[in-house]
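Heads up, the thing below is written out as structure tokens.
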Amino acid sequence: MALLDWISSDTGVRADGDKVFLRPPRAVDYAVWSDLRRRSRAFLQPWEPTWPTDDLSRAAFRRRLTAYQRDMDLGVGYAFLTFRRDDKELVGGITLSNVRRGVAQMGTVGYWAGEPYAGRGYTLDAVRALSTFAFSRLGLHRLEAACLPENEPSRRLLLRAGFELEGRAGAYLKINGDWRDHLLFGLVAGAAARRRPGA
């Protein structure tokens, strides 16, 4: 699939939840994406890698689109923006990365929410929609996710989405300039199918 298709048309890759829908980012999303990230910077930065100085520039966004397209073409990653269903407002983003096939059949979930939309159930719905996409459409067997031990909202979200706490990894990811411990969570396809609706 050409980059032009990725940035200008619907690729057909989409996931739907109750409150949100997920679709890959496009070039036309730049202004609203950069505005939401800029307004949410202080809220997001404690939980994310250090932002490059040009992170919110149009050129950096184009580089993201190119990387996202490459990952999707290779089947190793899927990046989505999260939109509220009722008015198509951008509320955050979610990724399925490090997709491994063979005997693993697994991938890693990461997500963010704009500060005005945090704590409203949109990200929980996005994680559930992405899980369904990963297990049903991609045929994966297992999903993994991680969060900082002090990030209680993210811990609660993952547990509500059906993930199980599996352990703690020391100096797991470099977050905001420092190597930080993370709590590790996992979800397997069978457990996802048994999830209680509305839990």
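A few comments on the model shown:
- With helices as the sole contributors, the chain gives -8500 deg cm²/dmol at 222 nm; each DSSP H run of n ≥ 4 counts as -39500 (n - 2.57), and the sum is divided by every residue.
- The stretch 91-153 and the stretch 170-189: distance between their alpha carbon centers, rounded to Å: 14 Å
- For HIS141, residues with placed amide H under 5 Å, excluding near neighbours: MET106
- Considering only the stretch 1-142, percent of DSSP beta bridges that pair antiparallel, nearest 5: 95 percent
- Exposure proxy order (Cβ contacts within 10 Å, fewest to most) of HIS182, HIS141: HIS141, HIS182
- The GluC sites (Glu not before Pro) found in the stretch 139-177 that occupy coil by DSSP, while having at most 13 further C-beta atoms within 10 Å, are GLU150.
Read-outs: derived from the displayed coordinates by stated rules, not from any lab. Quick caveat, the model's predicted, so the values are computed rather than measured. Neighbour counts are summed over all protein chains in view; Cβ atoms, including those assigned to glycine, are modelled from backbone coordinates with ideal geometry.
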